[in-house]
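The structure appears right after this line, and notes come after that.
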Amino acid sequence: MQASDHRPAAQIQGRAVFPHRHLTGIAGLQPHEIMFLLDEAEQWIEANRTRARSDRRLEGITQINAFFENSTRTLLSFEIAGKRLGADVVNMHAAQSSVKKGETLIDTAVTLNAMRADVIVIRHMASGAVQLIADKVDCPVLNAGDGWHEHPTQALLDALTIRRRRGSVAGQRVVICGDLLHSRVARSNMLALTALGAEVRVVAPSTLMPPAIEGLYVTPFTDFDAALEGADVVMMLRVQNERMAGGFIPSTREFHARYGLTPERLARAREDALVMHPGPMNRGVEIDSAIADHPERSAITEQVEMGVAVRMACLDVLTRAERGVEGWA
Amino acid sequence: MTRLFENVKVLGGATSFAFSGETITTDTTNSETIDGGGLHLAPGIIDLGVFAVDRAACRAGGITRVGLMPDQSPILDDPGIIRRAALMGKPDLWVHPLAAATRGLQGTDLAEMAINASAGAKAVATGRRWIADAGVMRKVLAYAKDCGLTVIAHAEDGNLARDAVATEGLTATLLGLAAAPAIAEALAIARDTMLAEDTGAAIHFRQVTTAAGLDLIRQAKRRGVRVTCGVTPAHWLLSDIDISDYRTYARLSPPLRSDSDRQAVRAALADGTIDVIASGHDPRGPEGKRLPFIDADEGMSGAETLLALSLGLVREGLIGMERLFELLAANPARVLGLDAGTLAPGKPADFILFAPDTPWVIDATKMKARAGNTPFDTLPVQGKVHRVFKGGREIEA
């Protein structure tokens, strides 16, 4: 494993390098701003691997993880990221919130705001819900996934993984395959990877292909085998069981036959192609175990590791203004 | 006593206008003269297909009669409810109930059209949604024809549009919103115009908003089908780009379309394919709109902006002023079978005085309507209604 060649550009300093109050999506970020977040994340990778995690820069900061939709790994990743930097992390699950009692999202946002959170991490099942909350609170808001819209930290961790493993994102041929229509991970990745100069091919049956997808500067394929030719990175998406019930695809068996990543299929990609998956995986449906567990090809556990580093970087950067960091206040 | 407006620009070219009691007249003997101040004088607007009786918004918009959609609580499918609805706005605003075409708007059993018509219903309507079952729709059309009632239909295939909150396209894809293809509209129009042709019934599509849908209307009219259609200003002024940033005020039914469909609506207004301009008035408070886009209510508050936005068509030269008031008054009256909507002698003295060029800015926070959910907030427009007369009686603002 090697660190990427890219190093932060020293020309721009302080807030000017990342002038956004919230991180609601990759849309709206400039390529150099995405690069900045990746550069910031690099320092936490090594730090996380050692036992001396002594950085307490978020000491006294209250981080609320407001998860209106169930999540295990993303919630855990944000919680660990905050705690590694010394923040006081509070988790709010929808199941134990007043959302179930009919409180509107804006009322919930106002309530969280009144509790003087310093940063709020939100996951919600409705596209756009995070922006709605961001507009109503006084602190930075981080999108941990909203509906089918965006999941920006996932795209950042994926870009970081690719950059570290392949030296650069630019020029890489990345194939994203699976349920693109309902995937916020796919949307954020399409935006981030094309912004960083990758050639992105997207693969899905027509029933799961978002309309007008070419407008995102990606090339759509329905034939997975054709898309895989010469691929540097193969990113598989999770197929949710409810999609089968919804009639988008006939069965998991048929999906596997056409879109499952098998060793035979992967042979069409470059010999050293990287395999990624945002998790949790459906082994034997979208990805075979032999690939998921492949020591050289699979970057799936590394993605999880990068996730913590990227989220530490985002929490740090977004709270710099309120922490009074020089040049950011 | 006869009253005579002078110094007015009457629609059609006259400079004076007389009415006696509740009726328009040409006999000006012994009349009291009123100075119209150079204002334009036109028929009161007949707003076909509103979802709420909103007197203040209608007064501000120059609307003297509304066709009230059956989607009320309770649903307008019973003579007692219809009789009550017909009296809701009187005397300032005449409400013409559109009775539910099927019981409870369920789309399964025929409603009592004849009894409801005798209680005051002027047409039957499918409501906010289409009737999914073609067999039921055929019976609705056949039976409505027997009763001499037009069927007012919602042109959207409800199966194709089931969970959709937007029209398919790059905007919906970027926002991650469930979207339906624009042909959901044409599919419904194709089916329902064929059924109308087969049964000989009169059908009015409340809103037609796509190029494909308007083409089908054109073809059906050419074949002699008794079909008419309407549109609201949103679909010739806005497109799906306007829902960017999840603007719930722009969440409408049918959803905003692509820009090429928007252009097709403008072309159809110019060539006469579209017969009616309506407001689609549907006031929704913040509890229905300050929500994530997919959870927000559909609809816009449109009554008081209808005339100003429509006058834009005249200013651009797309249609003339007389044609505009056919779209806003005469044609909706015809669809509802009302003896109103023009300034002909003997007709009810429902008219407005307005200044077509007065500039103002639409302000969602200062709307007269029950709610300010307008997608046109902060838009500068021209055209202000000064005076409104219903049945010869002036309506105070």
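The values are calculated or read from the model by the stated rules, or taken from the named source; none is laboratory data. Quick caveat: nothing in here was measured; it's all calculated off a predicted structure. Cβ coordinates were reconstructed from backbone atoms using ideal geometry, including for glycine residues, and neighbour counts include every protein chain displayed.
Details
- Elements of type strands (runs of 3 or more DSSP E) contained in the range B:319-397, each with 2 or more residues being surrounded by 18 or more Cβ atoms within 10 Å (Cβ to Cβ): B:351-361, B:380-390
- Residue among A:Gly145, A:Gly178, A:Gly167, A:Gly197 that is more than 14 Å from chain B (Cβ to nearest Cβ), touching a residue at least 12 places away in the same chain (Cβ under 8 Å) and touching a strand residue (DSSP E or B) at 6+ places or on another chain (Cβ under 7 Å): A:Gly178
- Qualifying residue in the range A:181-189 (condition: closer than 26 Å to A:Glu254 by Cα, more than 16 Å from the chain's Cα centre (by Cα) and not small (Gly, Ala, Ser)): yes
- Contact map, the range A:260-286: first residue without any contact (Cβ under 8 Å) to a residue 24 or more places away in the chain and within 19 Å of A:Thr301 (Cα to Cα), second residue surrounded by fewer than 17 Cβ atoms within 10 Å (Cβ to Cβ) and not aliphatic (A, V, I, L, M), Cβ cut-off under 7 Å, separation 6 or more or different chains; pairs are A:Arg283/A:Ser289.
- The range B:164-185 residues that are assigned to a loop (DSSP other than H, G, I, E, B), paired with ones that are of a type in the set (S, T, N, Q) (beta carbon under 7 Å, 6 or more apart): B:Gly169/B:Ser258; B:Gly176/A:Ser127; B:Leu177/A:Ser127; B:Ala182/B:Thr167; B:Ala182/B:Thr210; B:Ala182/B:Ser258
- Taken over the range A:267-281, the criterion of being closer than 22 Å to A:Met306 by Cβ and of a type outside the set (Gly, Ala, Ser) is satisfied by A:Arg270, A:Asp272, A:Leu274, A:Val275, A:Met276, A:His277, A:Pro278, A:Pro280, A:Met281.
- Test: A:Ile80 is under 17 Å from the mean Cα position of the chain (by Cα), within 14 Å of chain B (Cβ to nearest Cβ) and under 18 Å from A:Met306 (Cα atoms): no
- Qualifying residue in the range A:127-135 (condition: within 13 Å of another protein chain (Cβ to nearest Cβ), acidic (Asp, Glu), surrounded by 21 or more Cβ atoms within 10 Å (Cβ to Cβ) and out of contact with any strand residue (DSSP E or B) (no Cβ under 6 Å at 6 or more places or on another chain)): no
- Checked against the criteria, B:Pro345 does not count as touching a residue at least 12 places away in the same chain (Cβ under 8 Å) and within 14 Å of another protein chain (Cβ to nearest Cβ).
- Residue match in the range B:140-154 (condition: more than 14 Å from chain A (Cβ to nearest Cβ) and within 30 Å of A:Trp148 (Cα to Cα)): yes
- Residue count for the range B:201-241 under the criterion of being small (Gly, Ala, Ser) and either assigned to a loop (DSSP other than H, G, I, E, B) or on the phi > 0 side of the Ramachandran plot (or both): the result is 4.
- Members of the range A:202-220 that are buried (at least 18 other Cβ atoms within 10 Å of the Cβ) and away from every other protein chain (no Cβ under 13 Å): A:Val203, A:Pro205
- The lone exception for B:Asp245 - which of (1) in contact with a helix residue (DSSP H, G or I) (Cβ under 8 Å, 6 or more places away or on another chain); (2) at pLDDT 95 or above; (3) of a type in the set (Asp, Glu) it fails: (2)
- Considering the range B:269-305, and only residues there that are within 15 Å of the chain's Cα centre (by Cα), among the hydrophobic types (A, V, I, L, M, F, W, C) and not in a helix (DSSP H, G or I), the residue that is nearest to the other protein chains (Cβ to nearest Cβ) turns out to be B:Met300.
- If you go through the range B:22-69 and keep only what is at pLDDT below 95 and closer than 30 Å to B:Leu87 by Cβ, you end up with nothing.
- Enumeration of residues in the range B:136-154 that are among the basic types (Lys, Arg) and surrounded by fewer than 19 Cβ atoms within 10 Å (Cβ to Cβ): B:Lys139, B:Lys145
- Filter result for B:Glu6 (over 24 Å from the mean Cα position of the chain (by Cα), surrounded by fewer than 19 Cβ atoms within 10 Å (Cβ to Cβ) and closer than 30 Å to B:Leu149 by Cα): no
- Here B:Glu316 qualifies as more than 14 Å from every other protein chain (Cβ to nearest Cβ) and either surrounded by fewer than 18 Cβ atoms within 10 Å (Cβ to Cβ) or of a type in the set (D, E, K, R) (or both).
- Test: residue in the range B:274-283 that is in contact (Cβ under 8 Å) with a residue 60 or more places away in the chain and closer than 25 Å to A:Val110 by Cβ: yes
- Among residues of the range B:69-93 that are under 14 Å from B:Gly127 (Cβ atoms), those with a Cβ under 6 angstrom from a residue that is of a type in the set (D, E, K, R) and not in a helix (DSSP H, G or I), sequence gap 6+ or separate chain, pair up as B:Asp71/B:Arg128.
- Selected residue [within 14 Å of another protein chain (Cβ to nearest Cβ), within 24 Å of the chain's Cα centre (by Cα) and either at pLDDT 95 or above or closer than 19 Å to B:Pro332 by Cβ (or both)] from B:Ala180, B:Ala220, B:Ala202, B:Ala196: B:Ala180
- The condition of being at pLDDT 95 or above, within 14 Å of chain A (Cβ to nearest Cβ) and out of contact with any helix residue (DSSP H, G or I) (no Cβ under 6 Å at 6 or more places or on another chain) holds for only one of B:Ala166, B:Ala172, B:Ala188, B:Ala234, that being B:Ala172.
- When B:Arg247, B:Arg257, B:Arg315 are screened for being farther than 27 Å from B:Ala178 by Cβ and of a type in the set (Lys, Arg), only B:Arg315 passes.
- Restricting attention to the range B:88-126 and to residues that are surrounded by fewer than 18 Cβ atoms within 10 Å (Cβ to Cβ) and modelled with pLDDT under 95, the residue that is nearest to B:Asp77 (Cα to Cα) turns out to be B:Met88.
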